[in-house]
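Here's the structure we're looking at; comments come further down.
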Amino acid sequence: MDDELIDEGDIPRSRYTRLPGKGFFYPDSLDEERAERRAKEAIEGSEAVVIADGDADGLACAAMIREAYDAALDVADFEAAIAARLAEAERSEQDSDEEADDADDPTDDAHTRSPVGLVAAGPYSLDTSLERALAYADDDVELFVCDLCPDDYEWIAEPLEALAEEAASIRWFDHHQWDEETAAAVRDLGVDLVVGESDEECTADVALRSLDHAFDDRWAELAAVTRDHDLWIKEDPRSDDLADYSYWAGGEEYATVVGAYGADLPETVEAFVADRRVEKEARIDAAVDRAVTHEVGEWTVAVTYGRCSQNEVAEALREAGADAAVIVKPAGSASIRGSEGFRHAHEVAGKVNGGGHPQAAGCKPDIYDDMLDYAHHWTTEGQACKRVILAAFEAVAEEVAAANEESSDAAGAGDGDEDDE
């Protein structure tokens, strides 16, 4: 493929935000080879291994675990790498002919340096990450899983059961809503599973109170600021900085920087975040402008499409009157966000190959068979994906209405019995 076709530099934002990022066009087989190699390098010989969601919450847990093991990396190398990125961005903006510094990035091998290996994972790659831990970890490894919840036990059963036999210990910290049977099956293996209340704690809170270590006050502050964003409380402006930075930085970088500085990011990182936020805000505006509202049952559902920051888009749509927001991504997945008037996001997502929280969930409908399906997805702004998700909203609306009617009938029957008495 000609690189210019996916180079955003000369393509209008109104067009490239309708397409996935460059990584989408990188073959999965090559991407898997690199991920396998890096996981092996991170895991082999490690005293402990952390499998964590690659967002601010999961990576804060990884930073805490490294702190507890006295295994944090030197932050100076990462700050130098960030400064180099800023300088390169400035050269690009000025159309300078100056050649970029060809010096090696001092953080390229960071994933190999700590005795606590970090494997960033997502809800759909948890089984693969467990398989890699099984393949490459020492038999007496101490394994941690953070901020990840399996949709069901069966798809993680084989590697987790084998790890339970070989690992010195397995500790699992989370705050998502677990199915009771799945949680019981995990605990039956001897896994120390601690699940916090999803509307009160983030996983960083859970890790902080569960780890046997005397953390100083900055770690409690980091957990509080992480919670502020993860639970969408939005009272501390630093939480947006943490969330954005975790998205734009690699897992090793984020865990190292917040491990060193806590919630108060250093000036170099703040400058990097500010630079990237200009583009972020423009993408948010484009997605909000594309939104269309639908009335489903008693709810107003706003649906949009594009490569953007879904939480901020959802907030803007809620402020415009939506009870729920759906952000369909060019890569085929979708984010579902609720409000005080809509706490069924996980139920909707569960009907279209996903899950999550009552007010924040994700899914990827099983509707993409080949590249022609993706081509249709991009050129129609996710029409098929929107259609199946709206159908899921309608199904949930019918279930909620039926449950309310049944509850009302039961209450009425009870009132009648009292009258008869």
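Would you call residue 181 assigned to a loop (DSSP other than H, G, I, E, B), modelled with pLDDT of 95 or more and closer than 25 Å to residue 361 by Cβ? Judged against the criteria, residue 181 is not a match. Within the stretch 12-22, does at least one residue satisfy the condition of being in the same structural domain as residue 212 (by TED's automatic domain parsing), part of a helix (DSSP H, G or I), surrounded by 15 or more Cβ atoms within 10 Å (Cβ to Cβ) and at pLDDT below 75? Yes: the stretch 12-22 contains one or more residues that are in the same structural domain as residue 212 (by TED's automatic domain parsing), part of a helix (DSSP H, G or I), surrounded by 15 or more Cβ atoms within 10 Å (Cβ to Cβ) and at pLDDT below 75.
Could you please let me know if residue 206 is within 27 Å of residue 38 (Cα to Cα) and in the same structural domain as residue 53 (by TED's automatic domain parsing)? Here the answer is no, as residue 206 does not meet what is asked. Within the option set 232, 248, being among the aromatic types (Phe, Trp, Tyr), within 18 Å of residue 57 (Cα to Cα) and out of contact with any helix residue (DSSP H, G or I) (no Cβ under 6 Å at 6 or more places or on another chain) holds for one residue only, 232. Within the stretch 162-176, track down each residue that is crowded, with 17+ Cβ neighbours inside 10 Å and not in a strand (DSSP E or B). If the condition is that a residue be crowded, with 17+ Cβ neighbours inside 10 Å and not in a strand (DSSP E or B), then 163, 167, 175, 176 are the ones that fit. Residue 78 - would you say it is buried (at least 19 other Cβ atoms within 10 Å of the Cβ), in a strand (DSSP E or B) and at pLDDT 95 or above? No: the conditions fail for residue 78.
Note on the stretch 120-155: residues that are in contact with a His (Cβ under 9 Å, 6 or more places away or on another chain) and within 18 Å of residue 254 (Cβ to Cβ) total 2.
Scanning the stretch 179-206 for residues that are farther than 24 Å from residue 161 by Cβ and touching a residue at least 60 places away in the same chain (Cβ under 8 Å) yields 198, 199, 202, 204.
Within the stretch 130-152, residues that are on the phi > 0 side of the Ramachandran plot and not assigned by TED's automatic domain parsing to the domain that holds residue 351 reach partners that are crowded, with 20+ Cβ neighbours inside 10 Å and not in a loop (DSSP other than H, G, I, E, B) with beta carbons closer than 7 Å, at six or more positions or on different chains, in the pairs 147/52; 147/53; 147/57; 147/58; 147/61; 147/174; 147/203.
Of the numbered criteria (1) outside the structural domain of residue 241 (by TED's automatic domain parsing); (2) surrounded by fewer than 20 Cβ atoms within 10 Å (Cβ to Cβ); (3) in a helix (DSSP H, G or I), the one residue 276 fails is (1). Residue selection: residue 288 satisfies the criterion of being touching a strand residue (DSSP E or B) at 6+ places or on another chain (Cβ under 8 Å), buried (at least 20 other Cβ atoms within 10 Å of the Cβ) and either modelled with pLDDT under 95 or within 29 Å of residue 381 (Cβ to Cβ) (or both). Only one of (1) more than 27 Å from residue 152 (Cα to Cα); (2) within 26 Å of the chain's Cα centre (by Cα); (3) not hydrophobic (A, V, I, L, M, F, W, C) is not met by residue 358, so which one is it? Condition (1) is where residue 358 drops out.
Would you mind stating whether residue 212 is in contact with a Gly (Cβ under 6 Å, 6 or more places away or on another chain), touching a residue at least 12 places away in the same chain (Cβ under 8 Å) and not in a helix (DSSP H, G or I)? Criteria not met by residue 212. Within the stretch 30-59, if we keep just the residues that are assigned to a helix (DSSP H, G or I) and hydrophobic (A, V, I, L, M, F, W, C), the residue that is modelled with the lowest pLDDT turns out to be 30.
Residues considered: 268, 226. Of these, the only one that is touching a residue at least 60 places away in the same chain (Cβ under 8 Å), in the same structural domain as residue 59 (by TED's automatic domain parsing), under 25 Å from residue 170 (Cβ atoms) and part of a helix (DSSP H, G or I) is 226. The criterion of being without any contact (Cβ under 8 Å) to a residue 24 or more places away in the chain, under 28 Å from residue 35 (Cα atoms) and aliphatic (A, V, I, L, M) does not hold for residue 242. Counting only strands (runs of 3 or more DSSP E) that fall entirely inside the stretch 318-395 and contain at least 1 residues that are farther than 14 Å from residue 302 by Cα, the qualifying elements are 354-356, 360-363.
Of all residues being aromatic (Phe, Trp, Tyr) and crowded, with 21+ Cβ neighbours inside 10 Å in the stretch 294-345, which is nearest to the chain's Cα centre (by Cα)? Just the residue, please. Please lay out each step first, then the result.
Step one: of the stretch 294-345, the residues aromatic (Phe, Trp, Tyr) are 299, 305, 342.
With crowded, with 21+ Cβ neighbours inside 10 Å added as a condition, the list becomes 305, 342.
Numbers: 305: 18, 342: 21 Å.
The extreme case among them is 305.
Considering only the stretch 362-376, I want to know if a residue exists there that is assigned by TED's automatic domain parsing to the domain that holds residue 286, under 19 Å from the mean Cα position of the chain (by Cα), under 17 Å from residue 394 (Cβ atoms) and small (Gly, Ala, Ser). No: zero hits.
Filtering the stretch 195-230 to residues that are more than 24 Å from residue 143 (Cα to Cα), of a type in the set (Asp, Glu) and surrounded by fewer than 21 Cβ atoms within 10 Å (Cβ to Cβ) leaves 199, 200, 217, 221.
The values are calculated or read from the model by the stated rules, or taken from the named source; none is laboratory data. Because the structure is a prediction, the values reported are computed rather than measured. Cβ atoms come from the backbone with ideal geometry, glycine included; neighbour counts cover every protein chain shown.
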